[in-house]
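Structure, as structure tokens:
The values are calculated or read from the model by the stated rules, or taken from the named source; none is laboratory data. Just so it is clear, the structure is predicted and the values come from calculations on it, not from any experiment. As a convention, Cβ positions derive from the backbone with ideal geometry for all residues, glycine included, and neighbour counts pool all protein chains shown. Surface areas here come from the heavy atoms of the whole protein model, side chains and all, with no ligands, DNA or RNA. Shrake-Rupley method; radii C 1.70, N 1.55, O 1.52, S 1.80 Å.
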Amino acid sequence: VQLQASGGGLVQPGGSLRLSCAASVSIPSMNVGNWHRQAPGKQRELVAHMSRNGSVVCPDSMKGRFTISRDNGKNTMYLQMNNLKPDDTAVYYCSMVISDKFYWGLGTQVTVSS
């Protein structure tokens, strides 16, 4: 199983980005999907979580700004990020639990700067 994250880039404060995480297998079998991020000098942190039944969890600092979703037909999970702040600058990673196995995707860089 391979996960490919994409959609990162340079954006101004207040701007938006949508990250994609494309899986090489069918994701209706996905038990859990997550987005994480890691800023320089900081630990990796959870950004958003989606369970198999579609319920989502997002840390308070990101609620109302970040939305996790999935498109089973495209085997892709998304992270819509709005009202981005400089503190959101980090490498963003996706992960999934598929058939009880955990997989990491490669990261995509998000830089929020004017």
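Observations on the structure shown:
- Across the accessible surface of the chain, with the other protein chains kept in place and a 1.4 Å probe, carbon and sulfur atoms take up 48 percent.
- 17 Å reach of a label modelled at Val1, 7 Å along Cα-to-Cβ, counting backbone N of the range 60-82: 69-78
- Whole-Hz couplings from phi, Karplus 6.51/-1.76/1.60, listed for the range 41-50; x for Gly and Pro: x, 10, 6, 5, 10, 6, 9, 7, 9, 10
- For the chain, Cys with no neighbouring Cys Cβ under 4.7 Å: Cys58
- For Ile98, the residues 5 or more places off, or on other chains, whose built amide H falls under 5 Å of its own are Asn31, Tyr103.
- Total formal charge among the other residues, if their Cβ is under 11 angstrom from that of Asp87, Lys/Arg +1 and Asp/Glu -1: +2
- Per-residue Karplus couplings for the range 12-18, computed as 6.51 cos²θ - 1.76 cosθ + 1.60 with θ equal to phi - 60°, are listed in order as 7, x, x, x, 10, 9, 10 Hz, Gly and Pro entered as x.
- Per residue, the range 1-89 exposes 53 Å² of accessible surface when a 1.4 Å probe is rolled over the protein heavy atoms with every protein chain present.
- Between the amide H of Leu3 and those of Leu106, distances stay under 5 Å, these residues lying 5 or more places away or on another chain, with hydrogens modeled in the peptide plane.
- Contour excess over end-to-end distance, with Cα ends at Lys101 and Lys63 and 0.36 nm allotted per residue: 10.9 nm
- The listed peptides 50-61, 17-28, 35-46, ordered by packing as a protection proxy, come out as 17-28, 35-46, 50-61 (highest mean of other Cβ atoms within 10 Å first).
- Taking amide H as placed 1.01 Å from N in the peptide plane, Gly15 has its amide H under 5 Å from the amide H of Leu84, each at least 5 places away in sequence or on another chain.
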